[in-house]
1. Do any helices (runs of 4 or more DSSP H) lying entirely in segment 1-98 carry at least 2 residues that are touching a Gly at 6+ places or on another chain (Cβ under 6 Å), and which ones are they?
2. Provide a single number: the residues in segment 59-99 that are out of contact with any strand residue (DSSP E or B) (no Cβ under 9 Å at 6 or more places or on another chain) and more than 19 Å from Gln173 (Cβ to Cβ).
3. Collect the residues in segment 76-131 that are closer than 24 Å to Leu193 by Cβ, of a type in the set (D, E, K, R) and either surrounded by 12 or more Cβ atoms within 10 Å (Cβ to Cβ) or touching a helix residue (DSSP H, G or I) at 6+ places or on another chain (Cβ under 8 Å) (or both), keeping them in residue-number order.
4. Could you give every pair whose Cβ atoms fall below 8 Å, whose first residue belongs to segment 53-67 and is farther than 20 Å from His7 by Cα and free of Cβ contacts under 8 Å to residues at least 12 places away in the same chain, and whose second residue is among the charged types (D, E, K, R) and part of a loop (DSSP other than H, G, I, E, B), counting only separations of at least 6 or pairs across chains?
5. Among the residues of segment 28-37, write down those that are out of contact with any strand residue (DSSP E or B) (no Cβ under 8 Å at 6 or more places or on another chain) and either closer than 12 Å to Leu6 by Cβ or in contact (Cβ under 8 Å) with a residue 12 or more places away in the chain (or both).
6. Looking at segment 57-75 only, could you name the residues that are at pLDDT 95 or above, at positive phi and surrounded by fewer than 24 Cβ atoms within 10 Å (Cβ to Cβ)?
7. Suppose the filter is assigned to a helix (DSSP H, G or I) and either out of contact with any strand residue (DSSP E or B) (no Cβ under 9 Å at 6 or more places or on another chain) or modelled with pLDDT under 95 (or both); does Trp115 pass it?
8. Of all residues in segment 143-196, how many are surrounded by fewer than 19 Cβ atoms within 10 Å (Cβ to Cβ) and in a strand (DSSP E or B)?
Amino acid sequence: MQYIYLHGFASSPNSAKARYIGDRFTESQKKLIIPDLNYGDFSELTISRQLEQVKNEFSPDAAPVTLIGSSLGGLTAAHLGQKYPQVQRLVLLAPAFGFLSHWLPQLGDEAIQQWQEEKYLMVDHYGEQRQLPLSYNFVTDAAKYKEDVLQRPIPTLILHGKEDEVIPIQASQEFARYRPWVELVELNSDHSLGNVMPEIWQALKLFCQIP
């Protein structure tokens, strides 16, 4: 089994969650691949690019893959699971279902129009701890990825904070409702899930049958 962790939007392999889970895998003597989804060029980030980049991490011998994805990385993981039979398990941490519908209204119509006209928008990049420009192509590309196509019955564990201020827990509740292969665990946390990492690890360990 190959394990790959996908960090969130404007984050990095050095995020607190990635480091914590990476350390637990090391302690369990399991290898965890954590690609940098910024790919050296955050400005031209798209979900399509992430899908292609992560697919290239898959073992050429078709070894089964477990994807662990946080926020936008969770959304990316879900679409990879739909597309590639090699993906046999998903662990999604506050997955960004309905990402654009939650994010764009916060920006406001004026900012979105300006973004379209100027082609780039300055966004806070938490991994870099500075603002970086993001191409409007990110929006047009993300709009192509709808949750309703995610119908492959792949064993899926979702861990989502009840106080999530970025992606409301209702997004995961809605996703799990008509997909009996999805297990949703609701946690007393926000989008960062920072205060429940030991709980997340225990759930992940059990679900992935890591000794």
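1. The helices (runs of 4 or more DSSP H) meeting that bar are 72-83.
2. Number satisfying all stated conditions: 7.
3. Hits for segment 76-131 are Arg89, Glu128.
4. Nothing qualifies.
5. Ser28, Asp36
6. Selection gives nothing.
7. The answer is no for Trp115.
8. Number satisfying all stated conditions: 4.
The values are calculated or read from the model by the stated rules, or taken from the named source; none is laboratory data. As the structure is a prediction and not an experimental result, all values here were calculated from the model. Note: ideal-geometry Cβ built from the backbone for every residue, glycine included; neighbour counts use all protein chains shown.
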